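Let me begin by presenting the structure, written as structure tokens, before commenting on it.
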Amino acid sequence: MKVLIVVDMQNDFIDQALGTKEAVGIVENVAEKIRNFDGKVIFTRDTHHDDYMDTQEGKNLPVLHCVKGSEGWQISSALPVNADATIIDKPTFGSKELGVYLEELSKKESIDEIEMVGLCTDICVISNALLIKAFLPEVKITVDSKCCAGVTPESHNTALSAMKACQINVI
């Protein structure tokens, strides 16, 4: 089985609170990847609450974003999210729940490859790629660089290099 993980393709990261032109620029690539993917699709959704500014993350990134239920929290309407897609809400960069979910899924049906796309390459994509590598060290993990964007183009490239060094395939 192949799995596609679509990381945090939410309005706040695309064109709202923390959006960038690079994030806007990958939306169609990600939509096409999802439409043409033959396998299981999992979306992650950065999820915060009104107390975000009191959290460690909020103190380091003092921009209220992805508050549960808000427009910015929603996955972009430009992406096809079908009824059998799994959505995992995560309170921080890497999702322990995603790792456990994939580990349990792999016990039921062998996972041949996990492909990852989304935002931000240098924060949540790399965090989840490394977390998944720890949970499933023998599964091939691929990150599609044309379907990812970082906070800056430089940090995007740095994250891709770091993932390559950790035996994550980057295309």
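What follows draws every value from the coordinates through simple rules; no lab data is involved. Given the structure is predicted, the values throughout are model-derived calculations rather than measurements. Here Cβ is always computed from backbone atoms with ideal geometry, including for glycine, and neighbour counts include all displayed protein chains.
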In the list Ala159, Ala129, which residue meets the criterion of being over 11 Å from the mean Cα position of the chain (by Cα) and surrounded by 18 or more Cβ atoms within 10 Å (Cβ to Cβ)? Ala159
Could you check how many residues of the stretch 72-125 are part of a loop (DSSP other than H, G, I, E, B) and touching a residue at least 60 places away in the same chain (Cβ under 8 Å)? 10
Scanning for something closer than 18 Å to Lys146 by Cα, out of contact with any Pro (no Cβ under 6 Å at 6 or more places or on another chain) and not in a helix (DSSP H, G or I), does the stretch 43-58 turn up at least one residue? yes
With respect to Asp8, is the statement that it is surrounded by 16 or more Cβ atoms within 10 Å (Cβ to Cβ) and under 16 Å from the mean Cα position of the chain (by Cα) true? yes
Search result, residues across the stretch 134-145 that are exposed (fewer than 14 other Cβ atoms within 10 Å of the Cβ) and under 17 Å from the mean Cα position of the chain (by Cα): Ala134
Test set (1) touching a Ser or Thr at 6+ places or on another chain (Cβ under 9 Å); (2) crowded, with 18+ Cβ neighbours inside 10 Å - Leu79 fails condition number: (1)
Meets criteria (surrounded by 15 or more Cβ atoms within 10 Å (Cβ to Cβ) and over 24 Å from Ala159 (Cβ atoms)) for Val117: no
Could you please give the count of residues in the stretch 8-42 that are farther than 23 Å from Leu131 by Cα and either in contact with a His (Cβ under 8 Å, 6 or more places away or on another chain) or assigned to a loop (DSSP other than H, G, I, E, B) (or both)? 9
